[in-house]
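The values are calculated or read from the model by the stated rules, or taken from the named source; none is laboratory data. Given the structure is predicted, the values throughout are model-derived calculations rather than measurements. Neighbour counts are summed over all protein chains in view; Cβ atoms, including those assigned to glycine, are modelled from backbone coordinates with ideal geometry. Heads up: the accessible areas ignore ligands, DNA and RNA and are worked out on the full protein's heavy atoms, side chains in. Shrake-Rupley method; radii C 1.70, N 1.55, O 1.52, S 1.80 Å.
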Amino acid sequence: MTDNDAAAAITPAPVRIEPGREVVDLARVRVIVPDVVPGGDDCDDPGLRSLAAELLEPAGITVADAPRNGPSPAVPLELSVDDDAGPEASSNPERYTLTVSAGGGVVAAPARSGLLHGLRTLRQLAGAAQAAGRPGEVAAVVVHDEPRYPWRGLSLDIARHFFGPGHLRAVVDLLGQYKMNRLGLHLTDDQGWRLEIPSRPELVARSSQSAVNGDEGGYLSVDDYARLQEYAAARGIVVVPEIDLPGHVNAATHAYGELTPDGRPTDTYEGIEVGFSRLYLDLPTTEPFLRDVLGDVARMTHGDWVHFGGDEVHRMPAEEYLGFVELCQEIVTSSGKTPAAWQEAAGSGHGDAETAAAALAAAGVGAADATATTTAGGPGSSATAAGSVANGATASGGTTTVVVPDDPRTAASPVRAGTVLHYWDSRAGSEAFLRAAEAGARFVMTPADRTYLDMKYTPEHPLGLHWAGFVELRDSYDWDPADAIEGLSPEAVDGVSACVWTETLVTRDDLFSMLLPRLAAVAEAAWTPRDARDWESFRARIAVEAAAWRRDGAAYHPTPQVDW
Ligand code: TNX
């Protein structure tokens, strides 16, 4: 082992590493856990000792039972609650210090999240030793670490294709490995409704068995959802449910015909176009539906956020759309949660100038008269089935609807203080986001050309879409969240999320081969300080990570950008 082993093995790269000289035998440890762990209220089961075993044993460290009396041959691995842990003078709640020395290992942190992060770092050090043929031989080191951003997520679409609890637990484990802490679940869309809503039983009764291309559907029961949240919380991950409104609602209007103007349920939809379905703010049935659904979701959700979608509503006047944004924020807030939404909720629309101008002309509005934005995005109107998309038929900017907002210089933002906006489409200008920030909105950066992990790596890639371009590993790595929206104060940025939409993804291997290796790049953008990030270092570390993926049977894409 060399002095540089730790730096070569930790992803996302940590804040500071002090390499030691000796090699410590950690093949067999006994884990010493503190009596009281701040931040672990809901997480007694599994406890930290069994989580340590879960994390470390596959990496070649055996967790021995604590001896009842007498000395133990196992080396101590102490988890210690310590306010002084982490980088110097840090008050970051997730900070930790990992020390590996002749005496054994110590993970020190003020709270449970940091203890888990330290164990994950140790797992990577042990995994590298194991891959080098020296299991348990970890080089002495001190790592002081903390995340750059508090929101480090993945949003996963389980509506286009359903991924059930077993797959979701595997995704949670993967997020944990890269110290990510939010799992967004895109639970509803045109093709299927994936969460049982007790007050609206027809949603899953009628709309859960469909999926893109006629593939198998499914849904999470109330109990599945509760168990998943517990599993995630034990691993430091908060589930953020997304009910996509007021567009992307064909599964809802199929289950409840009362939500359509003629009262008739819409047909099941198995294609992959976006933007055609919608709710109607004026219908007397609409608000009670929103209150039932969002209220139930808020009650069933353990975390602080409920995401109400808001994206790609291509066939609705701006005023009505903004009415939905206000109503959804009000319902979520009065249900005791913080609203999250896609960027359109800021009143930005999204679109390219050309389509905007064409749409304005068609609507008889001179482009000079209004600051217009169009909706344009997603897979595009030319693609109607996953098969055609897999073959590469994608173009952004299919359907267009004119949204003519008030004068952006004077209009108030529709976004409430605290609402978390997910920024995804760089074709929108900054104006509406700067106003939203002024109103107190928070931002999570999910720029499609960097973090949409359903984009193909290359034109030849068999899976995925490419409306936002081809997204190779380096594209997911080489960007900075603070620069994503021009003019936005860095103080308004809460973090970063990857997104994976599943129009073309059916199996766990499909999903994981799109996540890996790119998810690790997004995780590093969210965790590591800007000046500590380096592509050459990252691509070398990714080759080390691959040993763990192979060991765990996780599919990944062997991009030529890495020397595997
Ligand atoms: C855009 S980004 C969408 C999704 C599609 C995705 C495909 C956003 C909020 N909506 O409906 O699945 O593109 O890449």
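Would you tally the residues in region 501-511 being surrounded by fewer than 23 Cβ atoms within 10 Å (Cβ to Cβ) and either within 14 Å of the ligand (Cβ to nearest atom) or not charged (D, E, K, R) (or both)?
2
Look at region 246-280 and say how many of its residues are buried (at least 19 other Cβ atoms within 10 Å of the Cβ) and outside any loop (DSSP other than H, G, I, E, B).
Qualifying residue count, region 246-280: 9.
Mind checking whether some residue in region 73-86 is in a helix (DSSP H, G or I) and open to solvent by 10 Å² or more (accessible area, probe 1.4 Å)?
no
Among 116, 156, which is the only one that is in a helix (DSSP H, G or I) and crowded, with 21+ Cβ neighbours inside 10 Å?
None of the other options fit; the residue is 116.
Here's a check for you: in region 443-487, which residue that is away from the ligand (no atom under 15 Å from the Cβ) and either buried (at least 22 other Cβ atoms within 10 Å of the Cβ) or of a type in the set (Val, Ile, Thr) (or both) is farthest from residue 339 (Cα to Cα)?
If we take residues in region 443-487 being away from the ligand (no atom under 15 Å from the Cβ) and either buried (at least 22 other Cβ atoms within 10 Å of the Cβ) or of a type in the set (Val, Ile, Thr) (or both), then 458 is farthest from residue 339 (Cα to Cα).
For (1) at pLDDT 95 or above; (2) under 25 Å from residue 275 (Cβ atoms), each residue gets a yes or a no:
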| position | (1), (2) |
| --- | --- |
| 289 | yes, yes |
| 300 | yes, no |
| 310 | yes, yes |
| 315 | no, yes |
| 319 | no, yes |
| 323 | yes, yes |
| 329 | yes, yes |
| 334 | yes, no |
| 338 | yes, no |
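I'd like the full set of residues that are under 18 Å from residue 423 (Cβ atoms) and touching a strand residue (DSSP E or B) at 6+ places or on another chain (Cβ under 6 Å), limited to region 486-510.
492, 493, 494, 495, 496, 497, 498, 499, 500, 501
Being open to solvent by 30 Å² or more (accessible area, probe 1.4 Å), assigned to a loop (DSSP other than H, G, I, E, B), more than 19 Å from residue 533 (Cβ to Cβ) and free of Cβ contacts under 8 Å to residues at least 40 places away in the same chain: is that true of residue 166 here?
Against the criterion (open to solvent by 30 Å² or more (accessible area, probe 1.4 Å), assigned to a loop (DSSP other than H, G, I, E, B), more than 19 Å from residue 533 (Cβ to Cβ) and free of Cβ contacts under 8 Å to residues at least 40 places away in the same chain), residue 166 does not qualify.
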